[in-house]
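The values are calculated or read from the model by the stated rules, or taken from the named source; none is laboratory data. The structure displayed is predicted, hence computed values, not measured ones. Virtual Cβ from ideal backbone geometry, glycine too; neighbours counted across all protein chains shown. Surface areas here come from the heavy atoms of the whole protein model, side chains and all, with no ligands, DNA or RNA. Shrake-Rupley method; radii C 1.70, N 1.55, O 1.52, S 1.80 Å.
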Amino acid sequence: MNDYLGIDQRLCTGCKTCALACSFNYFGVFNPEKAYIKVIRHEEAGTFDIVIKNGCIPCKICEESCPTKALIFIQREEE
Ligand code: SF4
Ligand code: SF4
């Protein structure tokens, strides 16, 4: 089984707390640009999505820091 990180777009407010938590934990700074998770705004829809960068473990720190519980780890069967 592999876990991967997904997002419930209905719950995400774009606050970037997840990215701040990741960057602080791994780089010692509150800088969302350094995080392994990137929050992207879809301008027309007004919704947010995430991109996970190379280097993500995944450790679940971002999931635990999300105030709206928008992040979810999904279990995927090995192929
Ligand atoms: S799972 Fe861990 S390493 Fe990956 S983006 Fe979230 S906080 Fe960063
Ligand atoms: S996933 Fe959660 S912590 Fe990250 S931007 Fe969306 S609401 Fe904020």
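Brief remarks follow.
- Once segment 54-79 is narrowed to residues that are assigned to a loop (DSSP other than H, G, I, E, B) and surrounded by 12 or more Cβ atoms within 10 Å (Cβ to Cβ), the residue that is modelled with the lowest pLDDT is PRO58.
- Hits in segment 13-50 (condition: closer than 13 Å to ALA70 by Cβ, part of a loop (DSSP other than H, G, I, E, B) and touching a helix residue (DSSP H, G or I) at 6+ places or on another chain (Cβ under 8 Å)): LYS16
- ARG10 vs. criteria loosely packed, with under 14 Cβ neighbours inside 10 Å, part of a strand (DSSP E or B) and not β-branched (Val, Ile, Thr): no
- Long-range neighbours under 6 Å by Cβ, at least six apart or interchain, first residue free of Cβ contacts under 8 Å to residues at least 60 places away in the same chain within segment 1-17, second among the small types (Gly, Ala, Ser) and open to solvent by less than 70 Å² (accessible area, probe 1.4 Å): LEU11/ALA70; CYS12/ALA70; THR17/SER65
- Single unsatisfied condition, TYR4 versus (1) of a type in the set (Phe, Trp, Tyr); (2) within 9 Å of ligand 2 (Cβ to nearest atom); (3) open to solvent by 40 Å² or more (accessible area, probe 1.4 Å): (2)
- Qualifying positions in segment 1-28 - among the charged types (D, E, K, R) and under 25 Å from GLY46 (Cβ atoms): ASP8, ARG10, LYS16
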